[in-house]
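Asker: Can you keep this structure in mind? I'll have questions shortly.
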Amino acid sequence: MQLEAIAISPKTPDATKGVVVMLHGWGANAKDLTSLVPSLNLPDYKFFSVEAPFAHPQVPNGKMWYNLEVEDRQGLASSQRALTDWLQALPETTNIPFSRTCLLGFSQGGAMALDIGVRFPLAGIVSLSGYLHEQPKPQTDRIPPIFMAHGTNDPVVPINTSYQARETLESLGSSIDYQEFAMGHEIALPVLESVKNFIERSVGPALGS
């Protein structure tokens, strides 16, 4: 199973500073998070918005990483393998190393970002309104820095899930920048400003600067 992604090139492709991979939420699709790119204002970064492999049971053109309506999270293992394979090939595709690549996800995509991101030597992981669906399985000596943001009024993914995820990840030695915002299940502009700062700080200056 191969994943599809929308690629957005930087304004100066010959001077690409880093890569940001985005994972959408349950019922959305790859087009959903592309709207964030202008607001993030990272013109020297290449973006990929990856589309989940399974059709959503109720939302036309919607996709999902796994089925939230069944107890065994049907499709999770397949999505884990597919996303792992896709990320493994990314440095060769972009000529940008993992050390300059950030993985960003929203809601169900945030859970996937936390789950798969800890298995790679990434510059950073961003989980927005996310959660842990299982115990993380780090496969590197260093867990990437993590930025987590959650709305205090989120009616879809309760904020307690972020508390639990933060505690679990910190117990594994993660460095976590955790922030709360007065919002629901959404990505507000102040969140994007914090995400931008985290990505720039995690990736660091351009190569050769």
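Asker: Give 193, 200, 180, 186 a once-over and let me know the one that is touching an Asp or Glu at 6+ places or on another chain (Cβ under 9 Å) and surrounded by 13 or more Cβ atoms within 10 Å (Cβ to Cβ).
Answerer: It is 186.
Asker: Can you confirm whether the range 61-70 contains a residue that is over 21 Å from residue 173 (Cβ atoms), of a type in the set (Ser, Thr, Tyr) and either open to solvent by less than 10 Å² (accessible area, probe 1.4 Å) or outside any strand (DSSP E or B) (or both)?
Answerer: Yes; the residues of the range 61-70 include at least one that is over 21 Å from residue 173 (Cβ atoms), of a type in the set (Ser, Thr, Tyr) and either open to solvent by less than 10 Å² (accessible area, probe 1.4 Å) or outside any strand (DSSP E or B) (or both).
Asker: Another question about this same structure. Which one of these does residue 104 not meet: (1) in a helix (DSSP H, G or I); (2) modelled with pLDDT of 95 or more?
Answerer: Residue 104 satisfies every listed condition except (1).
Asker: A further question on this structure: Taking the stated definitions as given, is residue 174 touching a residue at least 12 places away in the same chain (Cβ under 8 Å) and on the phi > 0 side of the Ramachandran plot?
Answerer: So residue 174 does not fit the description; no.
Asker: Quick check on the range 119-144: of everything there that is under 23 Å from residue 187 (Cα atoms) and in contact with a Lys or Arg (Cβ under 7 Å, 6 or more places away or on another chain), which residue is modelled with the highest pLDDT?
Answerer: The qualifying residue modelled with the highest pLDDT is 123.
Asker: Is it the case, given these coordinates, that residue 7 is of a type in the set (A, V, I, L, M) and either within 24 Å of residue 143 (Cα to Cα) or open to solvent by less than 40 Å² (accessible area, probe 1.4 Å) (or both)?
Answerer: Considered against the rule, which asks whether it is of a type in the set (A, V, I, L, M) and either within 24 Å of residue 143 (Cα to Cα) or open to solvent by less than 40 Å² (accessible area, probe 1.4 Å) (or both), residue 7 comes out as no.
Asker: Restricting to the range 102-144, what's the tally of residues that are surrounded by 24 or more Cβ atoms within 10 Å (Cβ to Cβ) and within 18 Å of residue 27 (Cα to Cα)?
Answerer: 14
Asker: Output yes when any residue across the range 159-176 is outside any helix (DSSP H, G or I), in contact with a helix residue (DSSP H, G or I) (Cβ under 8 Å, 6 or more places away or on another chain) and either surrounded by 13 or more Cβ atoms within 10 Å (Cβ to Cβ) or hydrophobic (A, V, I, L, M, F, W, C) (or both), and no when none is.
Answerer: There is at least one residue in the range 159-176 that is outside any helix (DSSP H, G or I), in contact with a helix residue (DSSP H, G or I) (Cβ under 8 Å, 6 or more places away or on another chain) and either surrounded by 13 or more Cβ atoms within 10 Å (Cβ to Cβ) or hydrophobic (A, V, I, L, M, F, W, C) (or both).
Asker: Examine the range 145-154 for a residue that is part of a loop (DSSP other than H, G, I, E, B) and open to solvent by 60 Å² or more (accessible area, probe 1.4 Å), and state whether such a residue exists.
Answerer: yes
Asker: Applying the selection to the range 12-39, what residues are crowded, with 19+ Cβ neighbours inside 10 Å and either without any contact (Cβ under 8 Å) to a residue 12 or more places away in the chain or among the hydrophobic types (A, V, I, L, M, F, W, C) (or both)?
Answerer: 19, 20, 21, 22, 23, 26, 28, 30, 33, 36
Asker: So, one more: For the range 1-16, enumerate the residues that are assigned to a loop (DSSP other than H, G, I, E, B) and at pLDDT below 95.
Answerer: Selection gives 1, 2, 9, 10, 11, 12, 16.
Asker: I'd like the residue in the range 81-96 that is of a type in the set (Val, Ile, Thr) and part of a helix (DSSP H, G or I) and, out of all such residues, is most open to solvent (accessible area, probe 1.4 Å).
Answerer: 93
Asker: Look through 78, 99 and report the one residue that is more than 17 Å from the chain's Cα centre (by Cα), open to solvent by 20 Å² or more (accessible area, probe 1.4 Å) and closer than 23 Å to residue 120 by Cα.
Answerer: Going through 78, 99 in turn, just one is more than 17 Å from the chain's Cα centre (by Cα), open to solvent by 20 Å² or more (accessible area, probe 1.4 Å) and closer than 23 Å to residue 120 by Cα: 78.
The values are calculated or read from the model by the stated rules, or taken from the named source; none is laboratory data. Note that the structure is a prediction, hence the values are computed from the model and not measured. Every residue, glycine as well, gets a Cβ built from its backbone with ideal geometry; the counts of neighbours run over all protein chains shown. Just the protein is used for accessible areas: all its heavy atoms, side chains included, with ligands, DNA and RNA removed. Shrake-Rupley method; radii C 1.70, N 1.55, O 1.52, S 1.80 Å.
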